[in-house]
Amino acid sequence: MTAQRIDPHDKSGLLSVTPMGIAKSTLRGCSSRYLAMGVAVLMMVGTAASVAAMGRAEKHETRHQIENLEDAWRSAILKGNIPAMDALLADDYMAITPTGILQSKEQALASLRAGSVHFKAIDLSDRKIRMYGTTALVTSRAEVAGTGPDGDISGSYRYTRVYVRDARGSWRIVSFEASKIRQFSDHRRSE
C-alpha cells in the first residue's frame with residue numbers, strides 16, 4: 001500500500017495514510033483543561049514544598065535532640081550521674097580513650113562510679129553534627145580540667161561521638177573517641 005493521500009489539514013505536504021482531523025474546541029473547554037492542569041501542578045508543588053519543609057523541620061528537631069543529649073552527657077560526666085550515663089550509653093557502647101584504651105559501657109560506668117576520673121570543667125566548642133539516617137556523628141572540641149588515674153588530664157581535646165536511633169526511637173551513644181590536641185611545645189619535645 002502506498003501513501004497516496006496528503007493530509008488536507010497539514011500544510012507541510014508530507015504523505016499520510018490517514019487523514020488528520022482538526023480538533024475543534026471552544027475557549028471554555030480549553031480554559032477548563034488549562035485550569036485543571038494548573039491546579040494539579042500547584043497541588044504537586046505545594047505537596048513537594050510541604051514534604052521538603054517537613055524534612056527540614058524534622059532534621060532541625062533531630063539536631064536539637066542531639067545537642068540536648070550532648071549537654072546531658074556533659075552534665076552526667078561532671079556530676080558523676082551514673083543513672084543518666086547508663087541511659088545515654090547503648091549496651092554495645094565502645095570508647096577509645098585519649099590513651100588508646102578500649103572501654104565498654106560497663107567499664108565506663110565502673111570508672112565513673114569509682115571516681116577514678118574526675119572532671120572539674122568541660123567547656124565544649126566547635127560542635128558539628130552530621131546526620132546519616134538513624135545515625136548522628138558529633139565532633140567537637142573540649143577544654144577539660146580534671147584528673148585521671150595517672151594524674152592531671154587537663155587540656156584541649158577533639159572528640160567524635162556516634163549516636164544511633166534504636167527501634168523505639170531513642171538515641172543512644174554507641175561510640176566515642178577522644179584525642180588530646182598537642183600544643184606546639186609538646187610537638188617540639190617529642191622530636
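The values are calculated or read from the model by the stated rules, or taken from the named source; none is laboratory data. These numbers come from a predicted model, not from an experiment. Every residue, glycine among them, receives a Cβ derived from its backbone with ideal geometry; neighbour counts consider all protein chains shown. Protein only, heavy atoms only, side chains kept; ligands, DNA and RNA dropped before computing areas. Shrake-Rupley method; radii C 1.70, N 1.55, O 1.52, S 1.80 Å.
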Only residues that are of a type in the set (Val, Ile, Thr) and either within 19 Å of Val164 (Cα to Cα) or in contact with a Pro (Cβ under 7 Å, 6 or more places away or on another chain) (or both): list them for the stretch 72-116, please. Ile96
Restricting attention to the stretch 155-164, and to residues there that are touching a Lys or Arg at 6+ places or on another chain (Cβ under 9 Å) and crowded, with 16+ Cβ neighbours inside 10 Å, which single residue is farthest from Lys128 (Cα to Cα)? Gly155
Please enumerate the residues belonging to the stretch 59-112 that are of a type outside the set (A, V, I, L, M, F, W, C), over 20 Å from Ser140 (Cβ atoms) and open to solvent by less than 40 Å² (accessible area, probe 1.4 Å). Gly80, Ser104, Lys105, Ser111
Just the residues that are farther than 19 Å from Ile96 by Cα and hydroxyl-bearing (Ser, Thr, Tyr), please, taken from the stretch 136-182. Ser170
Need a quick list: strands (runs of 3 or more DSSP E) entirely within the stretch 86-191 having at least 3 residues that are of a type in the set (Lys, Arg). 118-132, 155-165
Just to be sure, is Arg127 among the charged types (D, E, K, R), touching a residue at least 40 places away in the same chain (Cβ under 8 Å), more than 23 Å from Lys59 (Cβ to Cβ) and touching a strand residue (DSSP E or B) at 6+ places or on another chain (Cβ under 8 Å)? no
